[in-house]
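The values are calculated or read from the model by the stated rules, or taken from the named source; none is laboratory data. The model shown is predicted, which means the values in this text are computed figures rather than measured ones. Every residue, glycine as well, gets a Cβ built from its backbone with ideal geometry; the counts of neighbours run over all protein chains shown.
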Amino acid sequence: MNVIKVDLLEPLNYSVIDNQSFVLQQLSSRISEHFGSGRNFNIAAESVLVFSYCIIIALGILTNSVIIFIIHANNKLKTPHNFLIVNLNLSDIILCAVCSPSTLCQVITSNWFQGLFLCKFVPFIQAATSFVSTGTISIITLQRLEILKLGDIKNKKQISMKNDVLVKTTIIWFLALLLSIPTFVYRTVVNVEMSGIHLFDSS
């Protein structure tokens with residue numbers, strides 16, 4: 001939610017102003033000037049935010065990709081449990097690559113300039129990956145519980161669990177995308193105005 005920060009405006013002495021239209025004109029001018037810049041922070045703060053986000057995005061993609069590569073390259077690590085870990089890594093990579101850059105732009109700018117499609121698509125992906133992460137962690141927990149109950153798992157049981165995990169992972173992604181559809185449908189770009197003055201576009 002975007003909030004107009006009226007506290008940024010300098011106080012006006014209403015007792016010496018007889019013409020109320022002049023007061024409204026000054027107020028509108030100050031608000032329009034504030035939002036017209038399109039920036040929420042000064043250059044220094046914005047640079048720190050951009051640098052921090054870039055580091056987080058790069059590390060998020062790199063570390064998750066390394067884990068996926070290690071598991072894929074080592075046959076001994078291709079277990080049902082690690083398959084779920086890879087699924088978790090994949091959802092994190094998508095979140096970092098798709099959602100984080102858009103979120104950064106939304107944080108540092110007061111005006112939504114990314115268009116209607118990204119207004120719908122980015123929250124859709126963000127919701128879907130959140131559902132996938134939650135579902136995957138839940139399956140990992142249940143799988144750990146099952147292993148504790150069964151003890152050592154033989155090869156046949158291992159193969160059965162691999163097939164079972166693949167089915168569950170497919171269901172998780174399907175439900176995640178299905179539950180995220182309302183976000184894509186109902187998100188839209190809103191033109192925020194005050195007394196006919198365009199302030200900013202909000203997604």
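Side notes on the structure shown:
- Considering the conditions (1) within 26 Å of Val190 (Cβ to Cβ); (2) hydrophobic (A, V, I, L, M, F, W, C); (3) assigned to a helix (DSSP H, G or I), Phe113 is excluded by exactly one of them, (3).
- Breaking point among (1) over 30 Å from Arg144 (Cβ atoms); (2) of a type outside the set (Ser, Thr, Tyr); (3) modelled with pLDDT of 85 or more, for Asn74: (1)
- None of Leu145, Leu49 is under 19 Å from Val167 (Cα atoms) and of a type in the set (A, V, I, L, M) except Leu145.
- Count - residues of segment 75-125 that are closer than 16 Å to Trp173 by Cα and aliphatic (A, V, I, L, M): 9
- Of all residues in segment 123-147, exactly one satisfies the criterion of being in contact with a Lys or Arg (Cβ under 9 Å, 6 or more places away or on another chain) and closer than 25 Å to Arg39 by Cβ, namely Pro123.
- When Thr79 is tested against the conditions (1) closer than 21 Å to Leu179 by Cβ; (2) in contact (Cβ under 8 Å) with a residue 24 or more places away in the chain; (3) surrounded by fewer than 20 Cβ atoms within 10 Å (Cβ to Cβ), the lone failure is (1).
- Checking each residue of segment 109-130 against the condition of being closer than 25 Å to Ile67 by Cα and either of a type in the set (Ser, Thr, Tyr) or modelled with pLDDT under 85 (or both) gives at least one match.
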